[in-house]
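For reference, the structure is listed below as structure tokens.
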Amino acid sequence: MAFLDKVLKAGQELVLSELQETTFLQLVNKSSCDIMDATMSSMDQLDWINAGPLFDRAYIPCNTSAERVAKINKNTVHCPFEMTLLFSDRTSDKFRMHQKYPIDRCAGFQHLYGPHDISYSSSGNKVIITIRDK
């Protein structure tokens, strides 16, 4: 039975490796305030492999960055997500982005609210979100 379990697990891992694409999400905080809470939401479970927020109440000091690995489904269209940022000066920003932007060039970016200047770029399979003071 243990052998069969190992074979099944190896098969599952092979299928997952064929369906997934490894990307990265980097938040660069160039603002004058610390990000006290960076939280992702609105992630479609079918788009993300082992979906769960990549950033879940993450702390990012000013003039630093944080990066996470994002395993996404190769067959999805855009892999959208929303991110809410709460700053040490009690301001907040929220934006929407597509994690598949480096692959399909469809950013889907929307700065929904907040006082900061938020921009995006990519490098390889990495989405780079940069936060600055206006």
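Within segment 49-103, which trypsin sites (Lys or Arg not before Pro) sit in a loop by DSSP and count at most 16 neighbouring Cβ atoms inside 10 Å?
Passing sites in segment 49-103 are K74, R90.
On a 0 to 90° scale, report how tilted helix 2-19 is relative to the longest principal axis of the chain, with both axes built from alpha carbons and the result rounded to the nearest 10.
50 degrees
Relative contact order for the chain: what percent, with Cα pairs under 8 Å and sequence separation of 6 or more?
27 percent
Counting other beta carbons within 10 Å of each Cβ, put M97, M36 in order, fewest first.
M36, M97
Under 19 Å between C-alpha atoms is the cut-off here; go through segment 52-134 and count lysine pairs that meet it, provided they're at least eight residues apart or on different chains.
Values: K71/K100; K71/K126; K74/K100; K74/K126; K94/K134; K100/K126.
So the count works out to 6.
Tell me what the chain gives for mean residue ellipticity at 222 nm when only DSSP H runs of n ≥ 4 count, each as -39,500 (n - 2.57), the sum divided by the residue total, rounded to 500 deg cm²/dmol. Before the final figure, lay out the partial values.
Working: 2 runs with 22 residues, N = 134.
Theoretical 222 nm ellipticity from helices: -5000 deg cm²/dmol.
List F109, F81 from most exposed to least, where exposure is judged by having the fewest other Cβ atoms within 10 Å.
In increasing order of surrounding Cβ atoms, one gets F109, F81.
Quick note: the coordinates plus some simple rules give every number you see, no bench work behind them. Keep in mind that this is a model prediction, so the values were computed, not measured. Using ideal geometry, Cβ is built from the backbone for each residue, glycine included, and neighbour counts are taken over all protein chains shown.
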